[in-house]
Amino acid sequence: MVTSPPELIIEAGRTERQYWQDLWRYRELFYFLAWRDILVRYKQTMIGMAWALIRPFLTMVVFTVVFGKIAKLPTEGDAPYPILVFAAMLPWQFFANSLAECSNSLIGNANLISKVYFPRLIVPTSAVVVSFVDFLVSGIILLGLMAWYDFVPSWRILTLPLFIAIAFAASMGAGLWLASLNVQYRDFRYIVPFIVQFGLYISPVGFSSNVVPQQWRLLYSLNPIVGVIDGFRWAILGGESNLYLPGFLLSLGFVAVFFFSGIWYFRKMERTFADVI
């Protein structure tokens, strides 16, 4: 009995309509890319994943000495200054690492992108997930600081997953913009490190947002990561730590704009990646 070969039906527009379903169908590729990047991140290093602890810890020590000891800036409530700093270091390092990884993710997977079809959104998303793993590892330092200073968080710590989700959205939105632009304009490989360094200076990582004069707080909150950091501190420090609600809502609005516009621009440029890259 002769079996007829299977028919291949090409339907116009199907790829666009099924794009989000394809993200689920290609979930194994997502797992592979994320796991591969986790394995090679600290490959052939002497201390491996410990770098995810050492870098934020040393940064926290420097900021504590400079802002807490030398500049004598106030903390929030009765929270020890190192915990104040590290509560901001967690979301900032996650955001900064995500920008660096996302911006180069498409270029780093050029051979895969130019040869095989799959939803390209998988690539920068897996890069953010790798940075999120570092975020979770760095959380060990925060637990250690709380134990060292005998600091017990309040009920607000239960709201921390909400602010983690906001940090994830901010990282994804900005990362998608930079990933798309870096394919079109390779200048962004030099611009991204500057953005990260400049962003560290204008974000309340080493100091409390409360030191910013009240008349400038709303303008200062145009930086979307300010609301994320303030949210983390409000959840972790508890007590007298206050959340400047107008500024937080403004930052949250900018995070939403970055996130949805980042997806829109990435999808718009996605069809040209294989040709340009």
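Pairs please, first residue from the stretch 171-191 and over 14 Å from residue 98 (Cβ atoms), second anywhere and of a type in the set (Val, Ile, Thr) and surrounded by fewer than 14 Cβ atoms within 10 Å (Cβ to Cβ), Cβ atoms under 6 Å, 6+ apart in sequence or on different chains.
183/276
Could you please give the count of residues in the stretch 198-257 that are modelled with pLDDT under 90 and touching a Gly at 6+ places or on another chain (Cβ under 6 Å)?
Selection size over the stretch 198-257: 3.
Farther than 30 Å from residue 28 by Cβ, modelled with pLDDT of 90 or more and in contact with an Asp or Glu (Cβ under 7 Å, 6 or more places away or on another chain) - does that describe any residue in the stretch 79-86?
yes
Please enumerate the residues belonging to the stretch 87-105 that are under 18 Å from residue 276 (Cβ atoms) and surrounded by 24 or more Cβ atoms within 10 Å (Cβ to Cβ).
102, 103, 105
Collect the residues in the stretch 82-121 that are among the small types (Gly, Ala, Ser) and either outside any helix (DSSP H, G or I) or touching a Phe, Trp or Tyr at 6+ places or on another chain (Cβ under 7 Å) (or both), keeping them in residue-number order. Steps first, please.
The first filter runs over the stretch 82-121 and keeps only residues among the small types (Gly, Ala, Ser), leaving 87-88, 96, 98, 100, 103, 105, 108, 110, 114.
Result: 87, 88, 103.
Please verify whether residue 163 is over 24 Å from residue 51 (Cα atoms) and part of a loop (DSSP other than H, G, I, E, B), treating the condition exactly as stated. It would help to see each step written out before you state the result.
Working: over 24 Å from residue 51 (Cα atoms): yes; part of a loop (DSSP other than H, G, I, E, B): no.
In short, no.
Consider residue 78 against the criteria (1) out of contact with any helix residue (DSSP H, G or I) (no Cβ under 8 Å at 6 or more places or on another chain); (2) without any contact (Cβ under 8 Å) to a residue 60 or more places away in the chain; (3) not β-branched (Val, Ile, Thr): it satisfies all of them except one. Which criterion is unmet?
Of (1) out of contact with any helix residue (DSSP H, G or I) (no Cβ under 8 Å at 6 or more places or on another chain); (2) without any contact (Cβ under 8 Å) to a residue 60 or more places away in the chain; (3) not β-branched (Val, Ile, Thr), only one is false for residue 78: (2).
Scan the stretch 210-225 and report the pairs whose first residue is in contact (Cβ under 8 Å) with a residue 60 or more places away in the chain and whose second residue is of a type in the set (Asp, Glu) and surrounded by 11 or more Cβ atoms within 10 Å (Cβ to Cβ), with Cβ atoms within less than 9 Å and a gap of 6+ or a chain change.
Here the result reads 210/76, each pair linking the stretch 210-225 to a residue that is of a type in the set (Asp, Glu) and surrounded by 11 or more Cβ atoms within 10 Å (Cβ to Cβ).
Considering only the stretch 1-45, state which residues are among the acidic types (Asp, Glu) and either part of a helix (DSSP H, G or I) or at pLDDT 80 or above (or both).
Selection gives 16, 22, 28, 37.
Is at least one residue of the stretch 172-195 crowded, with 24+ Cβ neighbours inside 10 Å, over 18 Å from residue 276 (Cα atoms) and aromatic (Phe, Trp, Tyr)?
No: zero hits.
Restricting to the stretch 59-86, give me the number of residues that are more than 23 Å from residue 224 (Cα to Cα) and either among the acidic types (Asp, Glu) or crowded, with 24+ Cβ neighbours inside 10 Å (or both).
Number satisfying all stated conditions: 1.
Give the stretch 142-160 a look and list any residue that's in contact (Cβ under 8 Å) with a residue 12 or more places away in the chain, in a helix (DSSP H, G or I) and farther than 17 Å from residue 229 by Cα, or say none.
145, 146, 155
The values are calculated or read from the model by the stated rules, or taken from the named source; none is laboratory data. In this text the structure is predicted, and so the values were computed from the model without any measurement. Counting neighbours? That spans all protein chains shown, and the Cβs are built from the backbone with ideal geometry, glycine included.
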